[in-house]
Amino acid sequence: MEPLLDRLGRPLETLRISVTDRCNFRCVYCMPKEVFGRDYTFLERRELLSLEEIARAAGVFASLGVRTVRITGGEPLVRRNVEHLIELLAAIERPDGSKLQIALTTNGSLLPQKAKALAAAGLSRVTVSLDSLDNAAFRALNDVDFPVERVLEGIDAAAAAGLPVKVNAVVKRGANDGDLLSLAERFRGSGHVLRFIEYMDVGSTNGWRLEDVVSADEIVGRIGERWPLEPVELESPDATARRFRYADGAGEIGVIASVTKPFCGGCSRARLSAEGRLYTCLFAAKGHDLRAPLRLGATDEELAETVRGIWGRRTDRYSELRTAETAALPKVEMSYIGG
Ligand code: SAM
Ligand code: SF4
Ligand code: SF4
């Protein structure tokens, strides 16, 4: 099958699916309480794609070359019966007869009770977001007083269920940049890859400032000073993380330098919002409605043709063009699009 390429020659390989815009956390850099408070209007149930509609859309994307779907949110594990969605996705066949890789990004809070069922449903792997091991700092970051111990239990539950686990930490200066070494120490030798993410100017509500970004170079420098690191060759042009291995053999870390070293050149990711809008960039201001055709009886081939047209016109490379002005433009919220 000919790969579907955008205007810059990038194939469509990954679909990130947000299954809800709601979350049980209020991370200060993502859903600040002052904005996402009692009066905030979340999507209503009937506005959300049903699990069957999501799976149907995923099947269409798989027919166009997508290999990996990533379930995200908001917090994907607050969506009722998300295990059933995993089952539906696991049943999809790609054109070459292979199955989709199914990944999940979660804050980990509900993994202690859900990890087993997710693994049994066919989930391939999980990424848990964890920004600090210091309980007071973590409770302040999630802003709902959620204890860090419970997230660590979630990570253990996922590993016990046989799921490969990655841990993602967003680094914000003054909030958790003092926790780099303790995070690294905790996951060294654990078999879980720890990845640090530069704080990004997503959405319009988190009051992002360039001064709050801790660069990937600084992160690698600070960890490498304590435990020497060696770069690992990148496997795929679509890789978001630069990888480094500990010289003493205790595993590896990754850094995602979306601000200081953007990687738009290899970006093969499309994003589907919980209400069925297709976004071709994390920083897009608006998406393309796929829910209407899905609900109005479009055939799979008609849906595929719509997606081909959208991807074929894609020219996004926001991070490579980022300036103070673009950072101030209206953009879709992280909790809506799912990272
Ligand atoms: N609730 C799930 C979670 O936290 O993993 C999934 C959705 S969350 C929006 C996806 C990822 O985006 C998380 O790892 C989170 O830390 C990250 N994120 C949120 N706001 C961010 C920002 N301003 N800069 C960088 N990463 C951010
Ligand atoms: Fe919720 Fe994830 Fe955003 Fe934190 S980062 S508020 S857990 S969606
Ligand atoms: Fe992809 Fe947009 Fe991020 Fe660039 S800025 S890597 S095009 S999502």
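Quick look at the values:
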item: Cβ-based charge dipole, the stretch 14-337, positive-most Cα from ALA117, ASN168, PHE25; result: ALA117
item: Spacing of the two label points (7 Å from each Cα toward its C-beta) at ASN24 and ALA298, in nm; result: 3.5
item: Highest-fluctuation residue, ALA55, ALA324, ALA169 considered, GNM on the chain with Cα pairs under 10 Å; result: ALA324
item: Assigned charges on the beta-carbon of Lys, Arg, Asp, Glu; the stretch 121-214 dipole about Cα centre (debye); result: 340
item: Shape of the stretch 191-270, Cα gyration tensor, a/c cut at 1.5; result: oblate
item: For the chain, size of Cβ-based charge dipole, Lys and Arg +1, Asp and Glu -1, in debye; result: 340
item: Per residue solvent-accessible surface (Å²) - the chain, probe of 1.4 Å; result: 44
item: Distance in nm between pseudo-label sites at GLU185 and GLU233 (7 Å out along the Cβ direction from Cα); result: 3.5
item: Shape category assigned to the chain from the gyration tensor of Cα positions, a/c cut at 1.5; result: rounded
item: Dipole axis of the stretch 113-222 (+1 Lys, Arg; -1 Asp, Glu on Cβ), positive-most option in THR127, SER215, ALA137; result: THR127
item: Nearest-0.05 FRET efficiency for ASP248 and ASP156, computed from C-beta distance (R0 25 Å); result: 0.55
item: Solvent-accessible ranking of LEU210, LEU104, largest area first, probe 1.4 Å; result: LEU210, LEU104
item: Alpha-carbon centroid distance for the pair the stretch 52-128 / the stretch 222-239, whole angstrom; result: 28
item: Long-range lysine pairs (8 or more apart or interchain), the chain, Cα under 18 Å; result: 5
item: Carbon/sulfur fraction of accessible area - the stretch 282-329, other protein chains in place, 1.4 Å, %; result: 55
item: Built amide H within the under 5 Å cut-off of SER258, gap 5+; result: GLU198
item: Sum of -39500 (n - 2.57) over DSSP H runs of 4+, divided by residues of the chain (222 nm, nearest 500); result: -8500 deg cm²/dmol
item: Residues GLU149 and ARG125, FRET efficiency given R0 of 25 Å [Cβ-Cβ distance, rounded to 0.05]; result: 0.60
item: Label zone at GLU2 (point 7 Å along Cα-to-Cβ), backbone N below 19 Å, the stretch 296-312; result: 301-312
item: Fraction of accessible area attributable to carbon and sulfur, the stretch 136-210 (%, probe 1.4 Å); result: 51
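The values are calculated or read from the model by the stated rules, or taken from the named source; none is laboratory data. Keep in mind it's a predicted model, so treat the numbers as computed, not measured. Cβ atoms come from the backbone with ideal geometry, glycine included; neighbour counts cover every protein chain shown. When the accessible area is computed, the model is the full protein with side chains, heavy atoms only, and any ligands, DNA or RNA have been set aside. Shrake-Rupley method; radii C 1.70, N 1.55, O 1.52, S 1.80 Å.
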